[in-house]
Amino acid sequence: MHIFPIPSQAEQDDFLLRLYFGAAAPLRACVDRAYLDFSRTLHGIGALPDAAALHTEANERLCSWLAKLPDLSTDPNGDTFDALHRDLSEQLCALYGEYGFASFAIGQAQKWLNMAFKYVYVFGEARIPGFAGLYRLGHVPLDNIMLDRLAPFGAPPLSCSWSRLPDYDEYLDFQHWIRHEFPDSAPLSVEFHLFQAPDV
C-alpha cells in the first residue's frame, strides 16, 4: 500500500517555481525566464542564422555573471556591482552585434540582467545561496509599467522607449535617481511594491 503525505509548504513552493521557471538549474532558470520578459522586443531575431548559438552564448555569460555576484557582499555603495552591470550590458550589445543583430540595446540588456537578478530572490537563499546580502545592490528593471508607476514621483523621462535605450549613462542616471528618491528603500523593494500597486 502506497501512502502519499500532504506536501509541505516548501514542496508546494518548489512545485510553483517549477511551473513558472521550468526544470533547469535555478540560476539557469532565472536567466531563461528573464529572457522571456524582454524577448518580444527582439524584432527579427528569429531570422538570424546563428540565433540559437547567440542565445546559448549570451545565456552562459549571464549565468557566469550571476554566479560571481556573491563575491560582492562587501561592496558598500554598489559601485562594483554597477561597474559589473555596465560591463555585461555592453558585452551583450557587442555580442549581439557580432552575430549580426546590431539593434540589441542597453535597454534590452538591463531588462534581462535585472529580471534575472530579481528572480534569484524569488527562489530564495535556501535554493540559491549567497545572494542575501546583495539585495540592496539590485537595479529596478525598467519597462513601461515601472516608468508609469515612477512618473508620479517625478521620474526623469527617458530619451526613447526603454527597450531602445542605447546609452548606459542615461540608464544609470535613472537608477541613481531611484536611489536618491527612495534613500531608505532598496531599489528592488521599490519595484516590488510599485509593480503591484493598483492602476490609478
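If residue 107 satisfies all but one of (1) surrounded by 17 or more Cβ atoms within 10 Å (Cβ to Cβ); (2) closer than 23 Å to residue 75 by Cβ, what's the number of the condition it fails?
(2)
Taking residue 157 as meeting all but one of (1) in contact (Cβ under 8 Å) with a residue 24 or more places away in the chain; (2) part of a loop (DSSP other than H, G, I, E, B), write down the number of the exception.
Result: residue 157 passes all but (1).
The rows are residues; the columns are (1) without any contact (Cβ under 8 Å) to a residue 24 or more places away in the chain; (2) of a type in the set (Phe, Trp, Tyr); (3) closer than 26 Å to residue 134 by Cα.
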residue: 6; (1), (2), (3): yes, no, no
residue: 18; (1), (2), (3): yes, no, yes
residue: 70; (1), (2), (3): no, no, yes
residue: 87; (1), (2), (3): yes, no, yes
residue: 93; (1), (2), (3): yes, no, yes
residue: 98; (1), (2), (3): yes, no, no
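Taking the stretch 115-142 only, how many residues are free of Cβ contacts under 8 Å to residues at least 40 places away in the same chain and either part of a helix (DSSP H, G or I) or closer than 30 Å to residue 51 by Cα (or both)?
Matching residues across the stretch 115-142 total 2.
Mind checking whether some residue in the stretch 152-164 is surrounded by fewer than 18 Cβ atoms within 10 Å (Cβ to Cβ) and within 28 Å of residue 56 (Cβ to Cβ)?
Yes, that holds for at least one residue.
When the stretch 152-173 is examined, which residues are found to be under 24 Å from residue 78 (Cα atoms) and of a type in the set (D, E, K, R)?
Within the stretch 152-173, 167, 169, 170, 173 qualify.
Only one of 41, 56 is without any contact (Cβ under 8 Å) to a residue 40 or more places away in the chain and polar (S, T, N, Q); which? Walk me through it before giving the result.
Values: 41 fails: without any contact (Cβ under 8 Å) to a residue 40 or more places away in the chain.
56 is the lone residue from the list that is without any contact (Cβ under 8 Å) to a residue 40 or more places away in the chain and polar (S, T, N, Q).
The rows are residues; the columns are (1) at pLDDT 90 or above; (2) among the charged types (D, E, K, R); (3) under 16 Å from residue 112 (Cα atoms).
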residue	(1), (2), (3)
10	no, no, no
18	no, yes, no
21	no, no, yes
25	yes, no, no
38	yes, no, yes
42	yes, no, yes
51	yes, no, no
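The values are calculated or read from the model by the stated rules, or taken from the named source; none is laboratory data. Because the structure is a prediction, the values reported are computed rather than measured. Because the Cβ atoms are built from the backbone with ideal geometry, glycine has one as well, and the counts that use them run over all protein chains shown.
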